[in-house]
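Peer 1: Below you'll find the structure I mean.
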Amino acid sequence: MELFGVILPEKDRLSATVGDILRGKGGIPLYLSMIGLVVGFYAIAAIFVKGHAHTINTNNLVPWGLQISTYVYFALLSTGCTFVNFFGHVFFEEKYRPFASRIIFVGIITAVAAFFSLATEMGRIDRMYMFLVSPNPTSPMFWMAVWYTCYLIVITMEYINIQRKRHSHRVMWGAFFTAVITHSTLGSLLGTVSSRVYYYSALMPIYFLFIAFLTGCALTTIIAAHTVKRMNLDATYHLSPFVTLLKVGLGLALLITFWRTTIGLTGHLPGSEVFSLTLINSFVFGIVVVIIVPYLLLKMGKGANWLMFVGIFIMATQLKARNDLVVGAFKIPVFRVYDMPEVVHYTPSIYENLVVVASTSLVAMLYIIFNRTGVFDPRPDKEVN
């Protein structure tokens, strides 16, 4: 079914999918995502009804927790999907074509999931209209909101063009540059916080873009590998671009992580001891587990199932890495006063963990339903005017 050339879920297949769900034939991934969404919505309702003080483990010493980490994680996933879409069209057009609409669609829904997680941390989301009536152009957060809105509009246009068989290079380039501006601005939001040495760096906007590319490559590799299996495509031919991009992403992540850690260790500003405090975790987990191990795993196999495993491994470790980044800045208090701990510890509550489950389940359920209802299936190559 189409609307102005944009493919919508087929009515018959949508009814069949609902029927399969009711008969217990929906598949484990779909049922897990539905359960995760229900449980996650319960946790989010509890956060709004009971309040942050009774559900969230953030406080005056650690104001940003897992909800902000989840927002950053999904925002970077969305950026990564846009990057892969761009490089896929530019360098691997024939190999990439079967996955284009899927990947840009996931870029849209991960951007929505990012805001979904952020909204659970904001408290009074009903007062967001204040952003419009009292803007603050001197704040990176103001520009983050502006560019995020532009980004969602442009990638939606890119998705519509791909679905209508009218792929526009102008829109593709626009999506790429808007993604760069939007999420480097997100990096600057942290990088300009001079009171937190763990954040404060001109490298932070670049760090966000490189990590976005890596996580986006991991997610799109999973999507491509699953599609190859489902459509019986040539795995070696169609998955080779994703393996190449994944290796590039791992190399960029290694470069930026190494220099960010090295510069932090050699700094002498108040609070820079946080880099020494987290050195073992930064090296063993942040470099060895997150970057070197996935590279070695890529050398061990190239099959669709193996690449899905590698992609899932990278995405899981990157979620922890993003939480380490966001929370790590608050380990050393800015002001040392009576009865304040030397090192601040933070453990997410069950409600915060369920926000992650809800955001992940939202993305998974939407993709599975749209995939099963034929939205991404090949159509005759005709332009829609």
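The values are calculated or read from the model by the stated rules, or taken from the named source; none is laboratory data. Computed from a predicted structure; not experimentally measured. Note that each Cβ is placed from the backbone with ideal geometry, even for glycine, and that neighbours are counted across all protein chains shown.
Peer 1: With the structure loaded, tell me whether residue 319 is within 21 Å of the chain's Cα centre (by Cα) and within 19 Å of residue 118 (Cβ to Cβ) or whether it fails that test.
Peer 2: On the way: within 21 Å of the chain's Cα centre (by Cα): yes; within 19 Å of residue 118 (Cβ to Cβ): yes.
Judged against the criteria, residue 319 is a match.
Peer 1: For the stretch 85-108, state whether one or more residues are more than 25 Å from residue 244 (Cβ to Cβ) and in the same structural domain as residue 233 (by TED's automatic domain parsing).
Peer 2: No, the stretch 85-108 contains no residue that is more than 25 Å from residue 244 (Cβ to Cβ) and in the same structural domain as residue 233 (by TED's automatic domain parsing).
Peer 1: Moving on to the next point. What's the number of the condition residue 60 fails, among (1) in a helix (DSSP H, G or I); (2) free of Cβ contacts under 8 Å to residues at least 60 places away in the same chain?
Peer 2: In the conditions (1) in a helix (DSSP H, G or I); (2) free of Cβ contacts under 8 Å to residues at least 60 places away in the same chain, residue 60 misses (1) alone.
Peer 1: Find the helices (runs of 4 or more DSSP H) located wholly in the stretch 274-385 whose residues include 3 or more that are of a type in the set (Phe, Trp, Tyr) and either at negative phi or at pLDDT below 85 (or both), and list them.
Peer 2: Output list reads 304-328, 350-372.
Table: residues versus (1) surrounded by fewer than 18 Cβ atoms within 10 Å (Cβ to Cβ); (2) β-branched (Val, Ile, Thr).
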{"residue": "251", "(1), (2)": "yes, no"}
{"residue": "262", "(1), (2)": "yes, yes"}
{"residue": "268", "(1), (2)": "yes, no"}
{"residue": "274", "(1), (2)": "no, yes"}
{"residue": "277", "(1), (2)": "yes, no"}
{"residue": "280", "(1), (2)": "yes, yes"}
{"residue": "285", "(1), (2)": "yes, no"}
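Peer 1: Out of 173, 147, report the one residue that is of a type in the set (Phe, Trp, Tyr), modelled with pLDDT of 85 or more and within 20 Å of residue 71 (Cα to Cα). Spell out the reasoning first.
Peer 2: Details: 173 fails: within 20 Å of residue 71 (Cα to Cα).
Of 173, 147, the one residue that is of a type in the set (Phe, Trp, Tyr), modelled with pLDDT of 85 or more and within 20 Å of residue 71 (Cα to Cα) is 147.
Peer 1: Please work out if residue 104 is among the β-branched types (Val, Ile, Thr), crowded, with 20+ Cβ neighbours inside 10 Å and touching an Asp or Glu at 6+ places or on another chain (Cβ under 9 Å). Walk me through how you get there before you give the answer.
Peer 2: Working: among the β-branched types (Val, Ile, Thr): yes; crowded, with 20+ Cβ neighbours inside 10 Å: yes; touching an Asp or Glu at 6+ places or on another chain (Cβ under 9 Å): yes.
Spelling it out, residue 104 is indeed among the β-branched types (Val, Ile, Thr), crowded, with 20+ Cβ neighbours inside 10 Å and touching an Asp or Glu at 6+ places or on another chain (Cβ under 9 Å).
Peer 1: Return the residue satisfying two criteria in turn: it lies in the stretch 289-348 and is touching a residue at least 12 places away in the same chain (Cβ under 8 Å) and of a type in the set (D, E, K, R), and of such residues it is nearest to residue 216 (Cα to Cα).
Peer 2: 322
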